[in-house]
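In what follows, a single structure is set out as structure tokens and then discussed.
The values are calculated or read from the model by the stated rules, or taken from the named source; none is laboratory data. Keep in mind it's a predicted model, so treat the numbers as computed, not measured. Ideal geometry is used to build each Cβ from the backbone, glycine not excepted, and the neighbour counts take in all protein chains shown.
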Amino acid sequence: MKENVKSITMNRKARHDYFIIESYEAGISLTGPEVKSLRNGRANLKDSYGRIEKEEAFLYSVHISAYDPAHQKEYNPTRTRKLLLHKSEIKKLSGRIKERGLTFVPLEMYFKRGKAKVTMALAKGKKVYDKRETLRKRAINKDMQRTLKDRK
């Protein structure tokens, strides 16, 4: 179990839409009011994605709501944020992302030892029939659990 970790938000749709191949923990470059807003749980990872440009990793379309007491003018809640990864991880990722069908998506955002972190995953998109198969398996497992519970 993760120790000293406070979850902020999860991207539930990512596990539904993608096969997760590999995951990475990355720091995020944020402003002070954004951190305060995250501590209040005001973030959304839906439709967000990562990209590697010029040997740097970036996170796009993450919605972090404005922190009202900060009175920020011209605040953009979906601005591009830099991911803090090691150079070796970035080089490895850039090579793998160039492969056909692989993408870089965020799975979860959390605080670890007071620092905002995001779990990024190297993922391959699911086809419609893969999604249906996953839902079918989940329903079967749920029925089996219900049956076993009724027998006891």
Those helices (runs of 4 or more DSSP H) completely within the range 1-117 that have 3 or more residues that are surrounded by 15 or more Cβ atoms within 10 Å (Cβ to Cβ), at pLDDT 85 or above and of a type outside the set (Lys, Arg) are 32-39, 87-97
Within the range 127-136, which residues are within 15 Å of Phe19 (Cα to Cα) and of a type outside the set (A, V, I, L, M, F, W, C)?
Lys127, Tyr129, Asp130, Lys131, Arg132, Glu133, Thr134
What are the residues in the range 77-104 that are among the aliphatic types (A, V, I, L, M) and in contact with a Gly (Cβ under 7 Å, 6 or more places away or on another chain), if any?
Leu83, Leu84
Given the criteria touching a residue at least 24 places away in the same chain (Cβ under 8 Å) and over 15 Å from the mean Cα position of the chain (by Cα), does Glu74 qualify?
no
Considering only residues of the range 11-48 that are within 13 Å of the chain's Cα centre (by Cα) and aliphatic (A, V, I, L, M), which is nearest to Lys131 (Cα to Cα)?
Ala14
Can you spot a residue in the range 66-88 that is in contact with a strand residue (DSSP E or B) (Cβ under 6 Å, 6 or more places away or on another chain), under 26 Å from Thr134 (Cα atoms) and among the charged types (D, E, K, R)?
no
Residues that are of a type in the set (A, V, I, L, M, F, W, C) and within 24 Å of Gly101 (Cα to Cα), drawn from the range 39-83
Leu45, Ile52, Ala57, Phe58, Leu59, Val62, Leu83
